[in-house]
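Visitor: Here it is, the structure, as structure tokens.
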Amino acid sequence: MFFEGINFLFPNDMHVHWSLMIVMYPYITGLVAGAFIVSSMYHVFGKEEFRPIGRYSLLTSLAFLLCATLPLLNHLGHPERALNIMVTPKFSSAMAGFGVLYSFYLLILLLEVWLVFRQDIVEYARTSTGFWRWFYKILALGVYDVSEKALENDHKVITVLAAIGIPGACMLHGYVGFLFGGIKANPWWSTALMPVIFLVSAVVSGIAALVVFYQIAMKMRGEKIDQPCISSMARLLWLFMILTVTLELLEIITLAYEKAEEWEVIHTLLTNQLSFSFFSLQMILGALIPFILLMTVVLMDRHLRDPLRNTLTFVASSLLLIQVFAMRWNVVIGGQLFSKSFRGFRDYHPHFLEKEGVLAAVMLAVLPCILLVVLNRILPAFTSKTSPQSE
Amino acid sequence: MKEDKKTEIEKTDNKEELGRREFIKKGCELAFGAFLFLGILPIRTSRAGITASAEPETPGEGYNWEEHYYAYLIDTRKCIGCGMCVRACSLENKVPDGFYRTWVERYEVSERGEVYIDSPKGGREGFDPIFPGFHSTKAFFVPKMCNHCDNTPCSQVCPVGASYNTKDGVVLVDEKRCVGCGYCIQACPYGSRFLNPITRTANKCTWCYHRITKGLKPACVQACPVGARKFGDLKREDDEVRRILATERINVLQAEMLTKPKCYYLGVDREVR
Amino acid sequence: MRHTKHYWRAAFLVILGLVAFFSFRALLIPESFGKFGYYRGDNVEEQMSLPVSFSKNEACADCHEVAAIHESGKHKTVQCQNCHAPLAVHVVEGEMVELMPIDRSPKLCLRCHRKLPSRPQDFPQIVAQDHTGEFEQNLKSGACLECHQPHSPSL
């Protein structure tokens, strides 16, 4: 069954240390970065088709960002010492970048959300009563200037913030890719392509998540799903998806071609331990089928009826969300399934109820969605009291 | 018009006339804040920096780490696989069950290139006879531990400065600072590190730092009955390890990684990774 | 500079936050951090002060005459604490606290001396069945001691 007839692991290599939590973390920060890129399509590049979800994608990014540290804290051996990473960060380590990158991006995003919604905040401060009146007054920082000039200034600052935010979001997720890519001890992780693969697949997951959330939100509100918006998202999703899968395959093709020392163990890894999660989930169900569905939506856009376009994009996006999760699983868990001896494999099966198990992961996936609903109540993205169209 | 929409809140917000006053007021607030920020920042990046005296300090009393630079030599041609080293280490350092700061691997190789490798409990209880299913023409034992590299990939990736290299060449982990993220364990190409389940921090061989700084040898070196493990100080003129490194053909594990290990091997075969 | 009041307020809050963070951080950095390098300097001394369990080989001769026999035989390179236990189990600060464990099982001897292909050829090793007539598993405690003296084992 195993190559060379032996299964030898180094004695300290018996356990998988980076668990399902470490699969969830890049998944969540990927959604943060992806949602932000979609909002920047409108706020920086001025593409009108993305206007309907411009504000909603910012809220999505924020909701997931606020939950991003939770899987890490759950995983650490000493979460009470987690502040050490901010107090004495050692910047030769990619992981130490977390403190700076997270704080910087959080700041940019909070400022941008504040400015984008400021007009509504001032309006709510004016018209609400009781607790909420004070809440919105504080959020407005006691300034109620919504004159045309003020809003013009705001618009300029938003553009600048969104432009700074793009590299900010890219770094917040890209450093995770570098965290893996810089480990020469692990040939499945060590490649210059790793930060790029992580980033482009993050954009894929962000757009896909927004398609799904937007359609669900519109259905629940009983409103019409904006078709040019869906078409544009489908096109962007298709292009990024092609790029992602190309890079993912390129890495494996290069390893297979060079047939260096690590190829034997990686070849066995792909065909045995990861055969289902890589071939079936990541490539066939997660890449080939959405590719065909999205190709239909993009190339036959003019001929499609609205409900069909919505359904095709919804299904393709859902599958792509699975694909990106499978990719994170295959990289993080897959890289730990073989020993550093390159001669043995170990198993990883997360249990449902354990500390870093399936239930915890599901809760971590659901929590940002709940947070998004709450944020949308406080700062409604789809209606604006001050203008008929959302900003 | 927009002017008509003013409510009582906006009436108090007299923009045009207070423009200059607001500017000066806000400017002063910002300047004060910036001054505080810049003032605190450089002083507090390193508290120790304030109290450092001109004379360089070395830790501990009666021991000067500038006078030592340690190295370890393993002669696999002599190792008999008794596992007394593994036992001594786990007793000396209270290593938890199922984890190993040092271990011994057994290799049996056939002429056709078939390889059998095992390390039952790291070799702590010795080795029982085995039947690998082929006739082996070559067989040997390889003791292993943390290589205390000069170009440590593990200390490089520690995010909080818990893993560090001492001036006498030993790589240590500060158990009070380690957050248990496990990054160093992933980064070590030799599998030397593990996560201690009791302290939930990273652990590894320390070359018995508490012994070598008192002039003793590491527990594993002292336990070896055949002299397969040797510990040396490269700064001493008459050191045996230093002499062997200078005159005999030695190797290190995974040399291409360029981690510059300080555990040197005599007689290591190509099958050993 | 008109219509910008809210920017000033936001900037003020941001700077306030940064000041608070850096002040808090300054309190949290350990005293000795950075003394010798990017780590907590006190830890080096902490690691140097950990308790020693295995003593030097010569320590046993202080109380036990058998050490002299051991020094003259083939087992002189095998430290006493290998077959017995670390000194810390037996003696603490010059006072005996417990008897040293004595393991008479043949497993202890065979640990080094059973024949294995991975052992150097010139090392004394036996196959239990050929040497004693019994399989290794069937040997009783003290079997090797019927012919060999453990401290100086040649016949």
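The values are calculated or read from the model by the stated rules, or taken from the named source; none is laboratory data. None of the values given here were measured: they were computed from a predicted structure. Note: ideal-geometry Cβ built from the backbone for every residue, glycine included; neighbour counts use all protein chains shown.
Visitor: When you check A:Ala316 against the structure, is it of a type in the set (A, V, I, L, M, F, W, C), modelled with pLDDT under 95 and touching a Leu at 6+ places or on another chain (Cβ under 8 Å), yes or no? Let's see the steps before the verdict.
Guide: Numbers: of a type in the set (A, V, I, L, M, F, W, C): yes; modelled with pLDDT under 95: no; touching a Leu at 6+ places or on another chain (Cβ under 8 Å): yes.
Criteria not met by A:Ala316.
Visitor: Which of (1) in contact with a strand residue (DSSP E or B) (Cβ under 9 Å, 6 or more places away or on another chain); (2) facing chain B (nearest Cβ under 9 Å); (3) free of Cβ contacts under 8 Å to residues at least 12 places away in the same chain does C:Lys56 not meet, given it meets every other one?
Guide: (1)
Visitor: Among the residues of segment C:60-85 satisfying the criterion of being assigned to a loop (DSSP other than H, G, I, E, B) and more than 17 Å from the chain's Cα centre (by Cα), which is surrounded by the fewest Cβ atoms within 10 Å (Cβ to Cβ)?
Guide: If we take residues in segment C:60-85 being assigned to a loop (DSSP other than H, G, I, E, B) and more than 17 Å from the chain's Cα centre (by Cα), then C:Glu65 is surrounded by the fewest Cβ atoms within 10 Å (Cβ to Cβ).
Visitor: Restricting attention to segment A:204-214, does a residue exist that is without any contact (Cβ under 8 Å) to a residue 40 or more places away in the chain and more than 12 Å from chain B (Cβ to nearest Cβ)?
Guide: No: zero hits.
Visitor: Can you work out which of the residues in segment A:334-350 that are outside any strand (DSSP E or B) and of a type in the set (A, V, I, L, M, F, W, C) is nearest to A:Leu281 (Cα to Cα)? Let's see the steps before the verdict.
Guide: Applying the first criterion (outside any strand (DSSP E or B)) to segment A:334-350 yields A:334-337, A:339-342, A:344, A:346-350.
Subsequent filtering for residues that are of a type in the set (A, V, I, L, M, F, W, C) retains A:337, A:342.
Working: A:Leu337: 18, A:Phe342: 25 Å.
If we take residues in segment A:334-350 being outside any strand (DSSP E or B) and of a type in the set (A, V, I, L, M, F, W, C), then A:Leu337 is nearest to A:Leu281 (Cα to Cα).
Visitor: Of the residues B:Pro120, B:Pro159, B:Pro153, which single one is under 30 Å from A:Leu83 (Cβ atoms) and surrounded by fewer than 22 Cβ atoms within 10 Å (Cβ to Cβ)?
Guide: Just a single option satisfies the conditions, and that option is B:Pro153.
Visitor: Restricting attention to segment B:180-200, which residues are among the small types (Gly, Ala, Ser), under 17 Å from A:Gly335 (Cβ atoms) and either in contact (Cβ under 8 Å) with a residue 24 or more places away in the chain or touching a Lys or Arg at 6+ places or on another chain (Cβ under 6 Å) (or both)?
Guide: Those that are among the small types (Gly, Ala, Ser), under 17 Å from A:Gly335 (Cβ atoms) and either in contact (Cβ under 8 Å) with a residue 24 or more places away in the chain or touching a Lys or Arg at 6+ places or on another chain (Cβ under 6 Å) (or both): B:Ala187, B:Gly191.
Visitor: With the checklist (1) in the same structural domain as C:Pro51 (by TED's automatic domain parsing); (2) small (Gly, Ala, Ser); (3) in a loop (DSSP other than H, G, I, E, B) in hand, flag the one item C:Ala88 doesn't pass.
Guide: (3)
Visitor: I'm told A:Met86 meets every condition in (1) closer than 17 Å to B:Leu195 by Cβ; (2) surrounded by fewer than 21 Cβ atoms within 10 Å (Cβ to Cβ) except one. Can you identify the failing condition by its number?
Guide: If we test A:Met86 against (1) closer than 17 Å to B:Leu195 by Cβ; (2) surrounded by fewer than 21 Cβ atoms within 10 Å (Cβ to Cβ), just (1) comes out false.
Visitor: Still on this model: Give me the residue from segment A:138-178 that is among the acidic types (Asp, Glu) and out of contact with any helix residue (DSSP H, G or I) (no Cβ under 6 Å at 6 or more places or on another chain) and, out of that set, surrounded by the fewest Cβ atoms within 10 Å (Cβ to Cβ).
Guide: Per the criteria, the residue is A:Glu148.
Visitor: Something else now. Checking the structure you have, find out if any residue of segment A:278-286 is crowded, with 16+ Cβ neighbours inside 10 Å, free of Cβ contacts under 8 Å to residues at least 24 places away in the same chain and over 21 Å from the mean Cα position of the chain (by Cα).
Guide: No, segment A:278-286 contains no residue that is crowded, with 16+ Cβ neighbours inside 10 Å, free of Cβ contacts under 8 Å to residues at least 24 places away in the same chain and over 21 Å from the mean Cα position of the chain (by Cα).
Visitor: Here's a follow-up. Looking at segment A:47-57, is at least one residue assigned to a helix (DSSP H, G or I), aromatic (Phe, Trp, Tyr) and in contact with a Phe, Trp or Tyr (Cβ under 7 Å, 6 or more places away or on another chain)?
Guide: Yes, segment A:47-57 has at least one match.
Visitor: Please list, ordered by first then second residue, the pairs with beta carbon atoms under 9 Å, 6 or more apart or interchain, first in segment B:75-104 and within 15 Å of B:Thr206 (Cβ to Cβ) and within 11 Å of chain C (Cβ to nearest Cβ), second among the aliphatic types (A, V, I, L, M) and in a loop (DSSP other than H, G, I, E, B).
Guide: As it stands, the answer is B:Cys85/B:Ala228; B:Cys89/B:Val95; B:Leu91/C:Ala85; B:Glu92/C:Val52; B:Asn93/C:Leu50, since those pairs meet every condition given.
Visitor: It is to be established whether one or more residues within segment A:43-54 are aliphatic (A, V, I, L, M) and either within 17 Å of the chain's Cα centre (by Cα) or closer than 14 Å to A:Val116 by Cβ (or both).
Guide: Taking every residue of segment A:43-54 in turn, at least one turns out to be aliphatic (A, V, I, L, M) and either within 17 Å of the chain's Cα centre (by Cα) or closer than 14 Å to A:Val116 by Cβ (or both).
Visitor: Any idea which of B:Gly227, B:Gly180 is within 14 Å of chain A (Cβ to nearest Cβ) and at positive phi?
Guide: B:Gly180
Visitor: Among the numbered criteria (1) away from chain B (no Cβ under 14 Å); (2) in contact with a Phe, Trp or Tyr (Cβ under 6 Å, 6 or more places away or on another chain); (3) under 20 Å from A:Thr244 (Cα atoms), which one does A:Gly335 miss?
Guide: (1)
Visitor: Out of A:Val146, A:Val113, A:Val160, I need the residue that is of a type in the set (A, V, I, L, M, F, W, C), more than 9 Å from chain B (Cβ to nearest Cβ) and touching a residue at least 40 places away in the same chain (Cβ under 8 Å). Which one?
Guide: A:Val113
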